[in-house]
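Trainee: Quick one: the structure is below, and I'll ask about it shortly.
The values are calculated or read from the model by the stated rules, or taken from the named source; none is laboratory data. Computed from a predicted structure; not experimentally measured. Counting neighbours? That spans all protein chains shown, and the Cβs are built from the backbone with ideal geometry, glycine included.
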Amino acid sequence: MAERRYGASAPPTESEVRHEDWACDDISGQEHARVAFHDVDLTEVVDQGASFTECVFSDCRFNASAHTDAAFVNCTFTNCSFFDATFTGCKLVGSLFDRCSFGLLKVTGGDWSFVGLPGADLSKSTIVGVRMREADLTGARCADATLRHTDLAGAQLHRADLTRADLRGSDLSTLDPLAATLRQAIIDPEQAAVLAEALGLDVRSALPPP
């Protein structure tokens, strides 16, 4: 079972929603705090600016849902599905994902700092321009994923599989190239220098020919 960073426990919930069908609903502007959602179908929901604070989602379906400028702060997601879900400019600071599925997830912008995604299968997901400082991606499977212009400063990437991942423009300053799989990953020249230095190489500008 995944744990929050530093071993922090999930906040207790104060109410619950069980076995409801919200599929295709417009939940824009809704506000929920410390609510436990169990077996709720949020397939294809439209969400503009909804706010979920310290909520728990278990066995919920977010497939093909679209979230814009929404907030899921310090929430816990257990055994939830996010197939083809889209998050644009959303705030998920401190949220934890445990045994969730993410096929074709698309995230653009927003703040996902301190998010817990250990062991998550993010293969072929697209994450662009997202703040993911100190996110836990330990053992995450990111083969063929797009992780461009993403702030991964302080992120835990030990044993992460980044095979063929497009990492251009992302902060890789804390990535240990010996502790992750980087086979055929796509990087830019600046990142190449950062990784070379992490390997102990002394990177210098080329000297002019004699």
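Yes/no per residue for (1) of a type outside the set (Ser, Thr, Tyr); (2) more than 24 Å from residue 73 (Cβ to Cβ); (3) buried (at least 17 other Cβ atoms within 10 Å of the Cβ):
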position	(1), (2), (3)
152	yes, no, yes
170	no, no, yes
183	yes, yes, no
201	yes, yes, no
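For (1) crowded, with 23+ Cβ neighbours inside 10 Å; (2) hydrophobic (A, V, I, L, M, F, W, C), each residue gets a yes or a no:
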| residue | (1), (2) |
| --- | --- |
| 93 | no, yes |
| 114 | no, yes |
| 119 | no, no |
| 124 | no, no |
| 139 | no, no |
| 148 | no, no |
| 160 | yes, yes |
| 173 | no, no |
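Trainee: Here's a follow-up. Go through (1) part of a strand (DSSP E or B); (2) assigned by TED's automatic domain parsing to the domain that holds residue 47; (3) without any contact (Cβ under 8 Å) to a residue 60 or more places away in the chain and name the single condition residue 97 misses.
Mentor: Only one criterion is unmet by residue 97, namely (3).
Trainee: Within the stretch 66-91, track down each residue that is under 20 Å from residue 123 (Cα atoms) and crowded, with 23+ Cβ neighbours inside 10 Å.
Mentor: We begin by selecting, within the stretch 66-91, every residue under 20 Å from residue 123 (Cα atoms); these are 66, 77-88.
Residues satisfying the conditions are 77, 80, 82, 85, 87.
Trainee: Here is a further query. Any residue at all in the stretch 8-15 that's surrounded by fewer than 15 Cβ atoms within 10 Å (Cβ to Cβ) and either at pLDDT 95 or above or hydroxyl-bearing (Ser, Thr, Tyr) (or both)? Write out each step before concluding.
Mentor: Step one: filter the stretch 8-15 for residues surrounded by fewer than 15 Cβ atoms within 10 Å (Cβ to Cβ), giving 8-9, 12, 14-15.
Keeping just the survivors that are either at pLDDT 95 or above or hydroxyl-bearing (Ser, Thr, Tyr) (or both) gives 9, 15.
Yes, because at least one residue in the stretch 8-15 is surrounded by fewer than 15 Cβ atoms within 10 Å (Cβ to Cβ) and either at pLDDT 95 or above or hydroxyl-bearing (Ser, Thr, Tyr) (or both).
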